[in-house]
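Read through the structure below, which is laid out as structure tokens, and then see the notes.
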Amino acid sequence: MNTMPGSGSLAVRGWRSAVWLIACSLGTVLGRGLLDAVSDGSKQHVHDPLQYGFSLAQGYETKLSEMGTVDPPIISIADPKYGMDEVGVFEESRTKFWGLLQDGRRAHSKRMTEDAGCFCDGFDNVTVWDETREIMCMRQHMLAKNDMPQKYVMDKAFLQKPQGGPAKAGLTFDPTTMKRHFKQYRALLQEYYEGKEILESAAHPTPTEPGYDEAVTAIARHLVRKVVHKKPFVIAVAGTSIMAGMDNCFAKTYGPMLTRILEPFFKGMGIGVEVRNSGQNGDGPAMEDTTQCIKQVMGADVDILQITYVMITPAPPADYEAFIRRTISDGTLLHATHRIDTTILEEADREAYHRSGLMDFTKEGLSMLDFDKTLYPWFPSLGRAHWGRVDDGYCHITTRDGSEGTIMQNWHPGPLGFQVYMDTLLHPYMDGFIRAMAMLEEKDAAALKIEFPVDANLYTMGTPLPPPSQCKKAEFAEHPMCKGETDHGFTDGPTCAVGQNPSWGIGSNLTDWLVPAGDATNPFKGDSSWAIKAIKKSSSIGGCRDKLQMRDPSAYKERPDCSGHLDTGDAFVGTKTSGWLTLKLPDMTKGDIQVCNFRKGAGYTAGTNDAAKLKPKFALNGRILTAPPGMVKPGDKVPFHPSVPSNKASTCMQVAVGAPELKGAYLSVSLEDADADLTLSMEISWIIVN
């Protein structure tokens, strides 16, 4: 007889009914003590935890006995079954048990929605819901631990001291061993979400959709190249305050969490993994600025770029598609959480993009969280009623790495919300990594070095991009994308100096372009008091609603890793008396120049940056520039690209269009004509040239 706890015959498990009854009694005492009654002004609601999802009590042992035996946990690579099971296949008894737990969660959700009063904006009955839900989830955890313990567990020795097995020639590890670790983690993810269905439906292309093989094979090629050349694998993240980690302990946000999960695998392969997170909170740069200058922000060695621009209207569709095409054709895989279907409108076009390596979420919101509305019927339509809630619908009340299980702090995710984002992409990534290990098994490292040169554009080895979707519209006939200008990566695209922090591009800091006032090459030599100043503060713990923080507001403030938010910003700042600022521009192909600031709400058209009052003067190589054709005055809102009309508000000022000084030009700016207002100052945080 198998005597492992929670496995084997039902005789081993039958004694737990007594433990179960004790737990129910404890839950009843706790629940009744905390939640005797709530009034909504019309009737009393008495809340007994035994009535909310604990209907499992009726006939539980009988139902359990009908499920059959359960496989023992697989916890070590020494186990022949470790990382070897067919993906997504679980014993029938396990899937039946999950169904029993799901029934309990739905019962709780339904009962609370019907009986517990108003789940409306403003926290009504949050305590009632959460306390009864938490008691039920603790009960479910106990049942699962005793009667259906986790089957797929990562090898603890590997996580503590990653070893990739006996080294294959030319490598520092055994790809077969690492493939088993990747497969084990993929199975772990599927078990965590009670089956593979929800994970496989969370991102396009799904395993059954056209383009999936190509998309995950593209991931595999990138990993193989980095492994054989012993270079770090780079995942870059751009987006809003969500990715910046606003209202969270920074250590529990997306970037640090993804790094912690991936590091053991990459250490096992003898290389590093770098997650470059340049998410920016609300006073950061506009999406258009970051995406135009993505190579300068993220660096030239990025393997995967994740774009998470949630809660905002993205750049005009043609401009967004142009950015997608530039990124992919430059050799970087683009994985977007949102808004692809509003940019690439036809399904056939999206399928073609997927074959070229594009991936995107299938749903708005927190991806798979929205999959089953019967689990959480209130989310997210009831506004603040879900702020600070724990659990993602599967009774996960902590993350897998032990962080608090807050799903949403407010409109920003909590640690569990970040985990949902992460898992949506980790699942197909595991498929890509498994394929990479298969390629390393089949060929020797020396041959793969030749096949995948360290500086090769891997896009050329995959499926070419389809014709641009937005170019089917007559209004975009003159867009550079529709003339084929965006299909060569960033070789003919914008080049930028950026004040956004952090950034990783070489030669792209504001100081890299600055020409000292007394330099012999400066067309306007003389005194200058223009200075680089910090103008943007980083995100913060802010409105964090993790239970630990709510109990003790000083808990996170005393932890250095909680205040490590990265998103700051610098700018050149000058006034009427600052003299001239001169910048050495890189070579241009078109002679188009924009200067930008961080102020998305105003740009250079209002407030202290009112261009009508600043009256900036610009010069190229000492030649004073006039307003570009079609510009009413300096400071007019400009489109993403000057050749295409757009009502999209911009933070940029168009300085030149088609200037002849393409090589070695010096751009200078002065505010000597500004109104005599000592409060006026100009901030230049980006310079974009094309």
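Within the stretch 130-142, restricting attention to residues that are open to solvent by 40 Å² or more (accessible area, probe 1.4 Å) and more than 30 Å from the chain's Cα centre (by Cα), which residue is modelled with the highest pLDDT?
Only one residue tops the list, namely Met142.
Within the stretch 264-283, which residues are surrounded by fewer than 22 Cβ atoms within 10 Å (Cβ to Cβ) and in a strand (DSSP E or B)?
Val273, Glu274, Val275, Arg276
Quick check on my filter: what residues within the stretch 167-197 are more than 29 Å from Lys449 (Cα to Cα), touching a helix residue (DSSP H, G or I) at 6+ places or on another chain (Cβ under 6 Å) and open to solvent by 10 Å² or more (accessible area, probe 1.4 Å)?
Once the filter is applied, which keeps residues that are more than 29 Å from Lys449 (Cα to Cα), touching a helix residue (DSSP H, G or I) at 6+ places or on another chain (Cβ under 6 Å) and open to solvent by 10 Å² or more (accessible area, probe 1.4 Å), the stretch 167-197 yields Glu194, Lys196.
Can you tell me which condition Arg186 does not meet? The list is (1) farther than 22 Å from Asp360 by Cβ; (2) under 28 Å from the mean Cα position of the chain (by Cα), and all the others hold.
(1)
Within the stretch 255-263, is there a residue that is closer than 24 Å to Ala436 by Cα and not in a helix (DSSP H, G or I)?
no
Can you tell me which residue among Thr308, Thr343, Thr332 is open to solvent by less than 10 Å² (accessible area, probe 1.4 Å), in contact with an Asp or Glu (Cβ under 9 Å, 6 or more places away or on another chain) and modelled with pLDDT of 85 or more?
Testing whether each residue is open to solvent by less than 10 Å² (accessible area, probe 1.4 Å), in contact with an Asp or Glu (Cβ under 9 Å, 6 or more places away or on another chain) and modelled with pLDDT of 85 or more leaves just Thr343.
Within the stretch 573-588, work out how many residues are closer than 12 Å to Ser668 by Cα and in a strand (DSSP E or B).
6
Residue-wise test of (1) modelled with pLDDT under 80; (2) crowded, with 20+ Cβ neighbours inside 10 Å; (3) in a helix (DSSP H, G or I).
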residue: Glu61; (1), (2), (3): yes, no, yes
residue: Val70; (1), (2), (3): no, yes, no
residue: Glu114; (1), (2), (3): yes, no, yes
residue: Phe123; (1), (2), (3): yes, no, no
residue: Val128; (1), (2), (3): yes, yes, yes
residue: Ala144; (1), (2), (3): no, no, yes
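Restricting to the stretch 385-395, and then to whatever is in contact with a strand residue (DSSP E or B) (Cβ under 7 Å, 6 or more places away or on another chain) and open to solvent by less than 20 Å² (accessible area, probe 1.4 Å), can you tell me which residue is farthest from Asp561 (Cα to Cα)?
Only one residue fits best here, namely His386.
Within the stretch 396-415, take every residue that is touching a residue at least 24 places away in the same chain (Cβ under 8 Å) and either more than 13 Å from Cys544 (Cα to Cα) or hydroxyl-bearing (Ser, Thr, Tyr) (or both) and give me the one that is surrounded by the fewest Cβ atoms within 10 Å (Cβ to Cβ).
In this case the residue turns out to be Asp401.
Collect the residues in the stretch 210-230 that are under 23 Å from the mean Cα position of the chain (by Cα) and part of a loop (DSSP other than H, G, I, E, B), keeping them in residue-number order.
Gly211
For Ala520, which of the numbered conditions (1) buried (at least 17 other Cβ atoms within 10 Å of the Cβ); (2) over 27 Å from the mean Cα position of the chain (by Cα); (3) of a type in the set (Gly, Ala, Ser) fails to hold?
For Ala520, the exception is condition (1).
From Gly41, Gly99, Gly83, grab the single residue that is in a loop (DSSP other than H, G, I, E, B), at pLDDT 50 or above and of a type outside the set (D, E, K, R).
Gly83
Determine which single condition Thr362 fails, assuming it passes every other condition in (1) over 30 Å from Met461 (Cβ atoms); (2) modelled with pLDDT of 75 or more.
(1)
Does at least one position in the stretch 523-536 carry a residue that is of a type outside the set (D, E, K, R), open to solvent by 30 Å² or more (accessible area, probe 1.4 Å), within 30 Å of Met408 (Cβ to Cβ) and under 22 Å from the mean Cα position of the chain (by Cα)?
Among the residues of the stretch 523-536, not one is of a type outside the set (D, E, K, R), open to solvent by 30 Å² or more (accessible area, probe 1.4 Å), within 30 Å of Met408 (Cβ to Cβ) and under 22 Å from the mean Cα position of the chain (by Cα), which makes the answer no.
Could you please find all residues in the stretch 546-585 being under 32 Å from the mean Cα position of the chain (by Cα), open to solvent by 20 Å² or more (accessible area, probe 1.4 Å) and charged (D, E, K, R)?
Across the stretch 546-585, the qualifying residues are Lys547, Arg551, Asp552, Lys557, Glu558, Arg559, Asp561, Asp570.
Taking the condition of being touching a Lys or Arg at 6+ places or on another chain (Cβ under 8 Å) and under 30 Å from Ile312 (Cβ atoms), how many residues in the stretch 431-459 meet it?
Qualifying residue count, the stretch 431-459: 0.
Would the stretch 256-269 turn up any residue that is modelled with pLDDT under 95 and within 17 Å of the chain's Cα centre (by Cα)?
No, the conditions are met nowhere in the stretch 256-269.
Are any of the residues in the stretch 215-232 at pLDDT 90 or above, more than 30 Å from Arg350 (Cα to Cα) and of a type in the set (Val, Ile, Thr)?
Yes, the stretch 215-232 contains at least one residue that is at pLDDT 90 or above, more than 30 Å from Arg350 (Cα to Cα) and of a type in the set (Val, Ile, Thr).
Could you please find all residues in the stretch 236-253 being outside any helix (DSSP H, G or I) and under 13 Å from Tyr421 (Cβ atoms)?
Val237, Gly239, Thr240, Gly245, Asn248, Thr253
Failed condition for Gly164, given (1) open to solvent by less than 10 Å² (accessible area, probe 1.4 Å); (2) modelled with pLDDT of 95 or more, with all others met?
So Gly164 meets the others, but not (2).
What number of residues in the stretch 284-337 are of a type in the set (Phe, Trp, Tyr) and not in a loop (DSSP other than H, G, I, E, B)?
2
Here's a check for you: in the stretch 655-670, which residue that is under 40 Å from the mean Cα position of the chain (by Cα) and part of a loop (DSSP other than H, G, I, E, B) is surrounded by the fewest Cβ atoms within 10 Å (Cβ to Cβ)?
That would be Lys663.
Test each condition in (1) free of Cβ contacts under 8 Å to residues at least 40 places away in the same chain; (2) open to solvent by 50 Å² or more (accessible area, probe 1.4 Å); (3) in contact with a helix residue (DSSP H, G or I) (Cβ under 7 Å, 6 or more places away or on another chain) for Asn509 and report the one that comes out false.
Going through (1) free of Cβ contacts under 8 Å to residues at least 40 places away in the same chain; (2) open to solvent by 50 Å² or more (accessible area, probe 1.4 Å); (3) in contact with a helix residue (DSSP H, G or I) (Cβ under 7 Å, 6 or more places away or on another chain) one by one, Asn509 breaks only (3).
Can you tell me which of Leu189, Leu171, Leu223 is in contact with a His (Cβ under 6 Å, 6 or more places away or on another chain), touching a residue at least 60 places away in the same chain (Cβ under 8 Å) and not charged (D, E, K, R)?
Exactly one of Leu189, Leu171, Leu223 is in contact with a His (Cβ under 6 Å, 6 or more places away or on another chain), touching a residue at least 60 places away in the same chain (Cβ under 8 Å) and not charged (D, E, K, R), namely Leu189.
The values are calculated or read from the model by the stated rules, or taken from the named source; none is laboratory data. It should be emphasised that the depicted structure is a prediction, and the values quoted were computed from it without experimental measurement. Glycine gets a Cβ as well: all are built from the backbone with ideal geometry, and neighbour counts include every protein chain shown. Heads up: the accessible areas ignore ligands, DNA and RNA and are worked out on the full protein's heavy atoms, side chains in. Shrake-Rupley method; radii C 1.70, N 1.55, O 1.52, S 1.80 Å.
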